[in-house]
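Heads up: the structure comes next, in structure tokens.
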């Protein structure tokens, strides 16, 4: 009989403790967010304008690789539309994405490595949970350059850019 009594105690303890643990632990949003960002990149590769911009906020900001490339959502949509209309904008292959979150769990930020036509790049982004749905608020695309190559890069940057004849 002591065996049955011990089993009852274990069963009762399990029925009480497991739900309490489930209630106190926050769900990990990284799986859903990785899918969101991966699908966002795929939308660009497939020329899916609505899929790409549908997951961004109205106050979305995109920083590109050129010094003058800082776009609001509206500006970036206007810039991108011709590329998306061709059926393919750009094709970035992400890897090594790392997430961090605010204490309230409503804001997340990430960095990721990107394989692009520009070779190695990195993207950093911010997402916000709005009415229960994650949206991309900010993305910064930057080209990587090794420290040992920075002098040659600075020389290249200092060269004047020739304007195309009109």
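For the condition surrounded by 12 or more Cβ atoms within 10 Å (Cβ to Cβ), touching a strand residue (DSSP E or B) at 6+ places or on another chain (Cβ under 8 Å) and more than 29 Å from residue 146 (Cβ to Cβ), residue 30 qualifies. Of everything listed in (1) touching a residue at least 12 places away in the same chain (Cβ under 8 Å); (2) farther than 14 Å from residue 34 by Cα; (3) surrounded by fewer than 17 Cβ atoms within 10 Å (Cβ to Cβ), the single unmet condition for residue 93 is (2).
Table: residues versus (1) under 18 Å from residue 141 (Cα atoms); (2) at pLDDT 95 or above; (3) in contact with a helix residue (DSSP H, G or I) (Cβ under 8 Å, 6 or more places away or on another chain).
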{"position": "73", "(1), (2), (3)": "yes, yes, yes"}
{"position": "89", "(1), (2), (3)": "yes, no, yes"}
{"position": "98", "(1), (2), (3)": "yes, yes, no"}
{"position": "101", "(1), (2), (3)": "no, yes, no"}
{"position": "111", "(1), (2), (3)": "yes, yes, no"}
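Could you look through the stretch 41-90, keep only residues that are without any contact (Cβ under 8 Å) to a residue 12 or more places away in the chain and assigned to a strand (DSSP E or B), and pick out the one that is surrounded by the fewest Cβ atoms within 10 Å (Cβ to Cβ)? Selected residue: 70. Beta carbons closer than 6 Å, at least 6 apart along the sequence or on distinct chains, pair a first residue in the stretch 116-140 that is under 16 Å from residue 93 (Cβ atoms) with a second that is assigned to a loop (DSSP other than H, G, I, E, B) for 116/92; 120/144; 122/144.
The values are calculated or read from the model by the stated rules, or taken from the named source; none is laboratory data. Since this is a predicted model, take the numbers as computed values, not measurements. A quick note on method: Cβ atoms are made from the backbone with ideal geometry, for glycine too, and the neighbour counts reach across all protein chains shown.
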